[in-house]
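Visitor: Shown below is the structure under consideration.
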Amino acid sequence: MDRGAGADPDLLRRLAEGDETALSIVFDRHAKAVTRYAWALAPTRQDVEEIVQDTFVTVWRRAGEITLADSSLLPWLLVTCRYLALNSARKSARAHADALPDEGSTDLAALARGHRDAQEARERLRWVLDEIERLEPTDRRVCELCLVEGMPYAEAASVLGISVGAVKQRVSRSRLRLRKAVMADEN
């Protein structure tokens, strides 16, 4: 039996059997495309390298569970690469948000700036909520449900007893009105 290069479905079967040569062939065949895709998703070389490595480790570990949609393993690898990049970005954002300054290196100007930015954001939000209050009752309720609470249009339509199209139209019209009010306030 030829243990050299083969079609992706055969290589996947060999991966599931623990054939390291098959992993090497899969890597040689698809690493370039996965790496290019990872560069589109990750900000640094280190992140790209980690995502590509994790993608191929995942195919190695899960080879027995993978079902190919066609004769290529590349789509599965790219989807896995995307999920790993999204997880990496979430992890990075969470770490950045959780980071606290060292006790000895407190930058009072940065803290004051952050406090001022938070106050400005609250003021803008208050202003937008005031603008929403000025809308007619049905439009106001649609905005509260869809824009403030994040309710899906279909659910809001059911709550309000109107069609999904009417909800979409009211959201669009209200956003336009709010956008115009913001533009007028900034000028």
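Visitor: Can you tell me how much longer the chain between R179 and A93 gets when fully stretched, taken as 0.36 nm per residue apart minus their C-alpha distance, in nm with one decimal? Let's see the in-between values first.
Guide: Details: separation 86, 0.36 × 86 = 30.96 nm, distance 2.90 nm.
My answer for the length gained is 28.1 nm.
Visitor: Count the net charge of all other residues whose Cβ sits under 13 Å from the Cβ of W60, scoring Lys and Arg as +1 and Asp and Glu as -1. List each step's numbers first, then the result.
Guide: Working: positive: R14, R61, R62; negative: E17, D19, E20, D54, E65.
That sum, taken over residues with Cβ under 13 Å, equals -2.
Visitor: Note down the nm distance, to one decimal, between modelled labels 7 Å out along Cα→Cβ at R29 and at A5.
Guide: A separation of 0.9 nm, rounded to one decimal place.
Visitor: If you don't mind, another one. Hey, fewest Cβ within 10 Å first, where do Y153, Y37 land in order? Please report the intermediate quantities before stating the final value.
Guide: On the way: Y153 18, Y37 21.
In increasing order of surrounding Cβ atoms, one gets Y153, Y37.
Visitor: Under 20 Å Cα to Cα from K180, which lysines show up? Leave out anything in the same chain fewer than 8 places away.
Guide: In chain and number order, the partners are K168.
Visitor: From the C-alpha coordinates alone, can you work out the Kirkwood hydrodynamic radius of segment 8-98, in Å?
Guide: On the way: mean 1/r = 0.0740 Å⁻¹.
Hydrodynamic radius (Kirkwood, Cα pairs) of segment 8-98 is 13.5 Å.
Visitor: Further question: Specify which residue in the list A40, H30, A63 is farthest towards the positive end of the charge dipole of segment 8-98, using unit charges on the beta carbon of Lys, Arg (+1) and Asp, Glu (-1), about the Cα centre.
Guide: A40
Visitor: Can you compute the label reach from L41? Point 7 Å from Cα along the Cβ direction, backbone N cut-off under 16 Å, restricted to segment 66-89.
Guide: Backbone N within reach: 73-89.
Laboratory data are not the source of any read-out in this text; all were calculated from the coordinates shown. Remember, it's a predicted structure, so these values are computed and weren't measured experimentally. In this analysis, Cβ positions are derived from the backbone assuming ideal geometry, glycine residues included, and neighbour counts consider all displayed protein chains.
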